[in-house]
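Presented below is the structure to which this report refers.
The values are calculated or read from the model by the stated rules, or taken from the named source; none is laboratory data. Here the structure is a predicted model, which is why all the values come from computation and not from measurement. Positions of Cβ are backbone-derived with ideal geometry, glycine not excepted, and every protein chain shown enters the neighbour counts.
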Amino acid sequence: MAFESLSDKLSSIFKKMRGQARLTEKNMEDMLKEIRVALLEADVNYKVVKEFTNNVKEKAIGQDVLSKLNPSQMLVKIVHDELVELLGSDDSEIHYQNNRPTVIMMVGLQGSGKTTSTGKLAYLLKNKLKKKVLLAAGDVYRPAAIDQLDQIAKQVGVDLVNLGTKVSPVEISLKAKEKAFNEHYDVLIIDTAGRLQIDEQLMKELNDIKDAVNPDEILLLIDAMAGQDAVNVANTFNQQLALTGAIMSKLDGDARGGAALSIRHMTGVPIKFSGVGEKLTDLDIFHPDRMADRILGMGDVMTLVEKAQEEMDEKEARRTANKMMSGKFDLNDMLENMRKVQKMGSLGGLLKLIPGMPKISPEQQAAAEKEMRNFEVIINSMTPYERSNPDVFKFSRKQRVANGCGKTLADVNRVLKKYDQMKDMMKQMESYRKSGRMPPGGLGGLGGFGGMGGFPQ
Amino acid sequence: MGLISFLKDKFKKKDAVTETYSKGMERSRKNFSSKLKNLSTRYKEVNQDYFDELEEILIESDVGINFALNIIEEVLNKSEEEGIKDPEKINEILVDKMFVGYASKGDIVNELPFYENTPTVLLVVGVNGVGKTTTIAKLAYRYIKQGKKVMLVAADTFRAGATEQLTVWAERLGIDIATGKQDADPASVAYDGVKKAKENKCDLVIVDTAGRLQTKANLMAELAKIKRVIGKEIEGAPQETFLIIDATTGQNGVVQAKAFADVTNLTGIVITKMDGTSKGGIILAIRDELGVPVRFIGLGEKMEDLQEFDLDKYLYGLCVEED
Ligand SMILES: Nc1nc2c(ncn2[C@@H]2O[C@H](COP(=O)(O)OP(=O)(O)OP(=O)(O)O)[C@@H](O)[C@H]2O)c(=O)[nH]1
Ligand SMILES: [Mg+2]
């Protein structure tokens, strides 16, 4: 499955219809087809796709195309805005109680990530919002589920009500609530057993817990990889329990997460958080705009920009860019850039965020990352003089560096070759800049990440 | 129809024909087949609307837009060529096309192979929470019942509580388990476990691994390493590697299968949670694109809840009303 972003596909369709200033039913037909395919590939529910594309069509027909946009861009904008509006909500926060503990209940299918998300939420509440958090281990069915939560509670540093597997989940929840009230906790999070939505016994049990503790929030865990049936799951849970929100897990993978749209569209339940990794720190508030891009297969540009900003303040970025453009780019700069790229996360993860980037296999990723590490070792065993004057390298210097870090001459040559290539690229970019054009693909702005040098061509 | 009946015969098992799938599986296929039935009673003759609805039924079972469009085009062509307008016949053609498409990708033996003097090593992989550990318990149960000496290896040293979870299963099953410390190198736990299985003359050793998203390069490399070190202890092992896929999985399932096939030698898929309302149609797309066959299906949380995959039943159950 080649990674071709929706905007690429649409603009190639658009090429055939140049000069049309208005979106009409006819000229939109092919583009809407592509949008439909994109949404279905993202696992948006069939019926939701149908309604959604109809809405878009109605909104778009007869709209004058903004002077700066071509019709295909215009349509993408309409689709995108519509998605953001649908996904977003004014009600995306947890409602905290002032004078008593806030009770949160986590529900969902098996394997959707409830227990880990319980831990992550506890971490977020404790560390970011300075809340005193209590957990309750209510999954008495899955072998060792309580052990898991016990270990997580210890890692986060919060208390856990653990009554073992012999006590009913309702009783556990009641005891936990009592403790939360008596000992003045701010928040109680109850982990429950995952089961199929059609399992009446589970639904009854969840209802009993709900009746017993009267939670302020009931959050449904949805897996980003979920297929067409996700709406039915959400519908049942919502009808039975009246959900107050959802958490989408596994957004650190490459699933497009169309279920978020389906669920929001069909049930109105707002998505409140996204799970972005296995570590306890990996829970984010939900960003509708990013989710929209992701569902459309347009890459998560914002996340990339933000990540880059965290690591590189703007002034510094501009300084590096200028240095590169002026040709005064040396091995120190290359190394520094490489380190920044590494700090921002895995190369593969980063590349995925850039629209239009080719997909690379995990091996290629690992190879590229390994090469970056090699480069670092090699550059580190050069003298400062050599690093700022890479032109001085002759055989003997190369040999010395190679010996110094236990690499071969060929390895050292590879670093220097890469450096030359990058320098050439910089020069090229400079000429693009002077001529006022950007290189094809529009990735010029990413020149600062020159450290991707190790990326296989 | 010569080819189709030939293939069907080839796939049909002697004993299992009368055996019915458990209640759970019935649910998803009744769902599907009643939709189809409903569809064919509403139409006297097929037309564009009919095919649109067919497309909806297929896509809602997660086979994916490409698979759905291709198969419908094939059916459409045949219906035009041969002037077939009867909805029931059209459904029949649809099932046959899917059957041939699946079956012609190669022979399938569902059961694990066993050898004279070496244990069969089965490596179990998949993304987080799909049911790897539970499936391992189910498979162990199946082969213990067949009189095999089975051992488990808890090479998920990462997730909190994972080793305890598999240990609980081993105790329930009354079999040996090899474990390591939390955060120990999973490859070395796997190596030691397989070695022990060989020494103890086990017939089957099943290695549990931590759930991992296919986008995590380092974790995928770790899996490749686990596979490699097992091969060092027993030549040709792991002879089997199963990818576990959750029936609720959407289009990412194909991406998963590709990525795991890149680092291991995938020999089969077990599709879990088929006791729910999800249809698991992604397995058809996976077979279509990668050729990896489904070997077993999971139909519940207990160790008895595992069945051999039966294509005929799967498709017929999905698509054609039987009474
Ligand atoms: N209904 C149903 N539930 C299942 C099935 N298979 C597994 N489960 C449940 O799914 C949940 C997750 O199963 P695990 O076996 O822990 O999954 P895993 O892949 O080992 O999970 P990680 O090791 O955390 O990645 C448990 O609650 C199981 O009981 C099945 O076929 N049907
Ligand atoms: Mg497991």
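Residues that are within 14 Å of ligand 1 (Cβ to nearest atom) and among the acidic types (Asp, Glu) were ranked within region B:145-188; the one that is farthest from the other protein chains (Cβ to nearest Cβ) is B:156. Taking the conditions (1) assigned to a helix (DSSP H, G or I); (2) within 14 Å of ligand 2 (Cβ to nearest atom) in turn, residue B:192 satisfies each one other than (2). Within the set A:298, A:334, the sole residue that is at pLDDT 65 or above, more than 20 Å from residue A:246 (Cβ to Cβ) and not assigned by TED's automatic domain parsing to the domain that holds residue A:376 turns out to be A:298. Considering each residue of region A:189-210 in turn, at least one proves to be part of a helix (DSSP H, G or I) and β-branched (Val, Ile, Thr). In region A:131-158, the qualifying residues are those that are within 11 Å of chain B (Cβ to nearest Cβ) and in a loop (DSSP other than H, G, I, E, B), and the one that is surrounded by the most Cβ atoms within 10 Å (Cβ to Cβ) is A:139.
Just wondering, is there one or more residues in region A:66-73 that are within 25 Å of the chain's Cα centre (by Cα), under 12 Å from residue A:189 (Cα atoms), more than 14 Å from chain B (Cβ to nearest Cβ) and away from ligand 2 (no atom under 16 Å from the Cβ)? No, because not a single residue in region A:66-73 is within 25 Å of the chain's Cα centre (by Cα), under 12 Å from residue A:189 (Cα atoms), more than 14 Å from chain B (Cβ to nearest Cβ) and away from ligand 2 (no atom under 16 Å from the Cβ).
Quick grid of which residues meet (1) more than 12 Å from every other protein chain (Cβ to nearest Cβ); (2) within 26 Å of residue A:296 (Cβ to Cβ):
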position: A:199; (1), (2): no, no
position: A:204; (1), (2): yes, no
position: A:207; (1), (2): yes, no
position: A:211; (1), (2): yes, no
position: A:225; (1), (2): no, yes
position: A:239; (1), (2): yes, no
position: A:252; (1), (2): no, yes
position: A:255; (1), (2): no, yes
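Residues being in a helix (DSSP H, G or I) and either within 14 Å of another protein chain (Cβ to nearest Cβ) or aliphatic (A, V, I, L, M) (or both): count how many of those fall in region A:159-179.
Within region A:159-179, residues that are in a helix (DSSP H, G or I) and either within 14 Å of another protein chain (Cβ to nearest Cβ) or aliphatic (A, V, I, L, M) (or both) number 4.
Which number in (1) in contact with an Asp or Glu (Cβ under 8 Å, 6 or more places away or on another chain); (2) within 15 Å of ligand 2 (Cβ to nearest atom); (3) over 23 Å from residue A:141 (Cβ atoms) marks the one condition that residue B:219 misses? So residue B:219 meets the others, but not (1).
Yes or no, residue by residue, for (1) closer than 30 Å to residue B:237 by Cα; (2) surrounded by fewer than 15 Cβ atoms within 10 Å (Cβ to Cβ):
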| site | (1), (2) |
| --- | --- |
| B:77 | no, yes |
| B:84 | no, no |
| B:112 | yes, no |
| B:115 | yes, yes |
| B:125 | yes, no |
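Please pick out the residue among B:299, B:311 that is under 30 Å from residue B:115 (Cβ atoms) and within 12 Å of chain A (Cβ to nearest Cβ). When all the criteria are applied, what remains is B:299. With respect to residue A:152, is the statement that it is at negative phi, within 16 Å of ligand 2 (Cβ to nearest atom) and either in contact with a helix residue (DSSP H, G or I) (Cβ under 8 Å, 6 or more places away or on another chain) or not assigned by TED's automatic domain parsing to the domain that holds residue A:280 (or both) true? In short, yes.
Listed here are the residues, each with its yes/no results for (1) within 14 Å of ligand 1 (Cβ to nearest atom); (2) within 9 Å of another protein chain (Cβ to nearest Cβ); (3) in contact (Cβ under 8 Å) with a residue 60 or more places away in the chain; (4) polar (S, T, N, Q).
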| residue | (1), (2), (3), (4) |
| --- | --- |
| B:219 | yes, yes, no, no |
| B:246 | yes, yes, yes, no |
| B:261 | no, no, no, no |
| B:264 | no, no, yes, yes |
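Here is a yes/no grid of residues against (1) within 16 Å of ligand 2 (Cβ to nearest atom); (2) more than 24 Å from the chain's Cα centre (by Cα):
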residue: B:169; (1), (2): yes, no
residue: B:178; (1), (2): yes, yes
residue: B:188; (1), (2): no, yes
residue: B:211; (1), (2): yes, no
residue: B:224; (1), (2): no, no
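Each row is one residue, and each column tells you yes or no for (1) at pLDDT below 60; (2) out of contact with any helix residue (DSSP H, G or I) (no Cβ under 6 Å at 6 or more places or on another chain); (3) part of a loop (DSSP other than H, G, I, E, B).
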{"site": "A:345", "(1), (2), (3)": "yes, yes, yes"}
{"site": "A:358", "(1), (2), (3)": "yes, yes, yes"}
{"site": "A:363", "(1), (2), (3)": "no, yes, no"}
{"site": "A:368", "(1), (2), (3)": "no, no, no"}
{"site": "A:372", "(1), (2), (3)": "no, no, no"}
{"site": "A:387", "(1), (2), (3)": "no, no, no"}
{"site": "A:403", "(1), (2), (3)": "no, yes, no"}
